[in-house]
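Read the structure below first, then the notes.
The values are calculated or read from the model by the stated rules, or taken from the named source; none is laboratory data. Fair warning: this is a prediction, and the values are worked out from it, not measured in the lab. Note that each Cβ is placed from the backbone with ideal geometry, even for glycine, and that neighbours are counted across all protein chains shown. Protein only, heavy atoms only, side chains kept; ligands, DNA and RNA dropped before computing areas. Shrake-Rupley method; radii C 1.70, N 1.55, O 1.52, S 1.80 Å.
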Amino acid sequence: MTTQAARATDGLRITGLVKRFGDRTVVDDLDLTVHPGELVSLLGPSGCGKTTTLRMVAGFLAADGGSIEIEGKDVVGLPPERRPSAMVFQNYALWPHMTVFKNVAYPLRLRRLPKHEVTDRVEHVLGLVNLLHHRDSRPATISGGEQQRAALARALVQEPQLLLLDEPLSNLDAKLRVKVREDIRELQQRLGITTVLVTHDQDEALSMSDRIAVMNGGRIEQVSAPDELYTDPRTEFVAGFVGQLNSLPGRLVGGRLVPEEGLLTGVRPEDVRLIPVDEPGASAAGHAPQDRLRGRVVRVVPRGAFHELVVEVEDRTLHSLAVGQSLPVGQEVYVDLARPLLFRDGRRLQER
Ligand SMILES: Nc1ncnc2c1ncn2[C@@H]1O[C@H](COP(=O)(O)OP(=O)(O)O)[C@@H](O)[C@H]1O
Ligand SMILES: [Mg+2]
């Protein structure tokens, strides 16, 4: 297959995308490729440029540079309704005076589709999102989760080649959010629809995505599958944003921390192992006692399936996870740090 043919099959290809507001560059030379049928999340802190990127892809905002191709077709310059994409907005943007049916039918009416076709397609998608029983309800009279599904239906009814979701779960309570994210993922996979999901919530991104693009300050720092993002972060920012990270200045030599300019050792909480100093054989395990970090449990936080133990080691605080048996506050412990991640000036050194 030639490069040209391979390119044409991309669901979405963004190259060198730039957006400025005044003298601020909010999206900075961004590249992203989404394969057909894939769900890729744009994950990053508030204000990093996620919504701005999505709005440029949808056509609601003009880019200052770069190209956007959907299914191999350049869409820059086309208005939203002429792009093969549909967007679900963070606040849903349903019309309050229209029924669910009319809201969902709206984009098809704009295209002047015959009435019977509109009815067939709207009823079909209302069935997909389990909302047929609310076809004649107004948005204000249905729940937040149902409004979310109505907004999703209004996007899907357009049979887009590319579905764009901006923080689709942010208005739902915690319990519902977990259910709805499973529903959306199941539907997305069943329909095989190429999707970009914008979120600041790592759990949401990790649980729904084929791949995650971590964004920081208008740039993408890493694009990886969820597991890889956690175990193999390329930057200190990614390591800290996805999952928890203990950051220690310097480098581990034997069991001890040796200061080193510009160098940082990151350790995940599950890799911070605590061995009570009075446990039989504790000092025999690993390094000699004088070569080991030693600390004290200062706080125990129940987290349901596990406990989070806060440990003071010399002048710093580390977080550790204990599944099963916890340790009491005040317990003196040896602290073994497994699988250290090394960073120099924010970038990961490839040794573990
Ligand atoms: N229309 C606008 N005019 C000026 N600044 C804007 C505009 N829209 C967004 N911004 C700024 O651009 C940055 C990125 O915004 P946004 O893309 O909404 O971030 P995110 O969705 O990641 O939270 C923010 O600092 C925001 O204040
Ligand atoms: Mg946003």
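Based on what the data block shows, is ARG256 touching a strand residue (DSSP E or B) at 6+ places or on another chain (Cβ under 8 Å), outside any loop (DSSP other than H, G, I, E, B), surrounded by fewer than 16 Cβ atoms within 10 Å (Cβ to Cβ) and outside the structural domain of GLU71 (by TED's automatic domain parsing)? Here the answer is yes, as ARG256 does meet what is asked.
For the stretch 134-149, the criterion of being surrounded by fewer than 21 Cβ atoms within 10 Å (Cβ to Cβ), touching a Lys or Arg at 6+ places or on another chain (Cβ under 7 Å) and in contact (Cβ under 8 Å) with a residue 40 or more places away in the chain is satisfied by no residue at all. In the stretch 264-271 there is at least one residue that is open to solvent by 50 Å² or more (accessible area, probe 1.4 Å) and not assigned by TED's automatic domain parsing to the domain that holds LEU43.
Taking residues in the stretch 227-248 that are of a type in the set (Phe, Trp, Tyr), and partners anywhere that are surrounded by fewer than 16 Cβ atoms within 10 Å (Cβ to Cβ), the pairs with Cβ atoms closer than 8 Å and at least 6 places apart or on different chains are PHE237/GLY346; PHE241/PRO45. Of all the numbered requirements in (1) within 16 Å of ligand 1 (Cβ to nearest atom); (2) basic (Lys, Arg); (3) free of Cβ contacts under 8 Å to residues at least 60 places away in the same chain, LYS50 misses one, and that requirement is (3).
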